[in-house]
Amino acid sequence: MSTVEIKICGITRVEDALAADELGAAMIGLNFYAGSPRCITVEQAKEIAAAVAVRVKLIGVFVNMNVSDLLRIAHAVPLDAVQLHGNESLADCETIAKEFKVIRTLKVDAGFNADVSSEFSVCSGLLLDTPSAGHGGSGESFNWSSVSWKTLRRACPSVKVFLAGGLHKGNIAAALADVHPDVVDVCSSVESAKGIKSLNQMREFVAAVHAAERQEH
C-alpha cells in the first residue's frame with residue numbers, strides 16, 4: 001500500500017473524478033477561484049461529490065473568498081477539507097477550522113522561512129507551492145532543497161505536508177527522495193487541456209509514485 005497520498009487537483013468533470021478514484025487517488029481538488037480556468041460551480045461540485053464522496057476526500061480550493069461564502073459552499077457540496085490558496089489570515093484559518101479541516105498554502109520564494117509553519121498549528125495540512133501570478137498553479141517546481149523540511153515538521157509536527165508545484169512523472173521520484181511529503185499534489189501535468197484530465201497521464205503519474213516508493217523501501 002502506498003504511504004504517500006496522491007491529490008489530483010483541478011478536477012472539473014465527473015468522469016475525471018471517477019478515474020482518479022479508480023487509480024487510487026486519496027484526494028481530489030475542486031477549484032472555486034473565479035480567476036482559475038479550472039473553476040467550477042457549486043452544482044458541478046455536487047455532481048462530482050455524489051459520484052465519489054466517501055471513497056475520495058474532496059478538497060475545495062479557495063482564494064481570498066469571504067469566509068461565510070466559503071463555509072456555505074463547503075457545506076453545500078459537502079467538502080472534506082478547505083484549501084486556502086490566497087492571502088487568508090490566521091484568523092480565517094481558525095474560523096474555518098472550527099467546521100472543516102484546513103490546508104494552508106505557503107508559497108516558497110527566496111524569503112521563505114520554514115519556521116512560519118508554527119503559526120498554522122490549527123491547520124490539518126500545509127501545502128508548499130511555487131509562487132505564481134494570480135494565485136494559480138505555476139506548473140513549475142520550486143527548489144526543494146531550499147526548504148528546511150526538518151524545521152517545518154518540528155515547528156508543526158501534527159500537520160500533513162503537501163508538496164505541489166510542477167510535479168510530474170519525471171521528477172516525482174526525486175521529490176519523494178528529497179522531501180518525503182505526506183501528500184503529493186498534481187494538476188497540470190496530468191491534463192490534456194486546462195481542467196480536462198488525461199486518463200493515461202494520471203495513470204502514469206500514479207505508477208511513477210508507486211515505483212518511486214518501492215525504490216525508497
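Every read-out reported here was derived from the displayed coordinates using simple, explicitly stated rules and does not represent laboratory data. Fair warning: this is a prediction, and the values are worked out from it, not measured in the lab. Note that we place each Cβ from the backbone using ideal geometry, even for glycine, and neighbour counts take in every protein chain shown.
Worth a mention:
- Count Lys and Arg as plus one, Asp and Glu as minus one, and take only other residues whose Cβ is under 13 Å from that of residue 158; the net charge is then +3.
- Zone residues, segment 37-56, relative to residue 21, backbone N less than 20 Å from point 7 Å out along Cα-to-Cβ: 40-56
- The tail of the calculated P(r) for segment 19-65, taken as Cα-Cα distances beyond 16 Å, holds 38 percent of the pairs.
- Dimensions of the chain based on its C-alpha atoms, expressed as ranges along the principal axes with the largest first, amount to 41, 40, 32 Å.
- Segment 56-134 - Debye-derived log10 I(q)/I(0), Cα point model, q = 0.15, 0.28 Å⁻¹: -0.50, -1.48
- Calculated [222 nm] ellipticity per residue, helices only, for the chain: -9500 deg cm²/dmol; basis is -39500 (n - 2.57) per DSSP H run with n ≥ 4, divided by all residues, nearest 500.
- Distance from segment 163-195 to segment 73-103 (C-alpha centre basis), Å: 23
- Of the DSSP H helices in the chain, none is both long (alpha-carbon extent of 24 Å or more along the helix axis) and hydrophobic (Kyte-Doolittle mean at least 1.6).
- Candidate lysines for bridging to residue 194, where Cα separation is under 24 Å - those fewer than 8 sequence places away on the same chain excluded: 7, 46, 57, 107, 169
- A straight chain from residue 55 to residue 97 at 0.36 nm per residue would run longer than the Cα-Cα distance by 12.9 nm.
- Local net charge near residue 181, Cβ-Cβ under 10 Å (Lys/Arg +1, Asp/Glu -1): -3
- Result for the chain in a Gaussian network model with C-alpha springs under 10 Å: among 91, 50, 81, the largest mean-square fluctuation is at 91.
- Mean Cα-pair separation over length for the chain, i.e. relative contact order, pairs under 8 Å, 6 or more apart, %: 20
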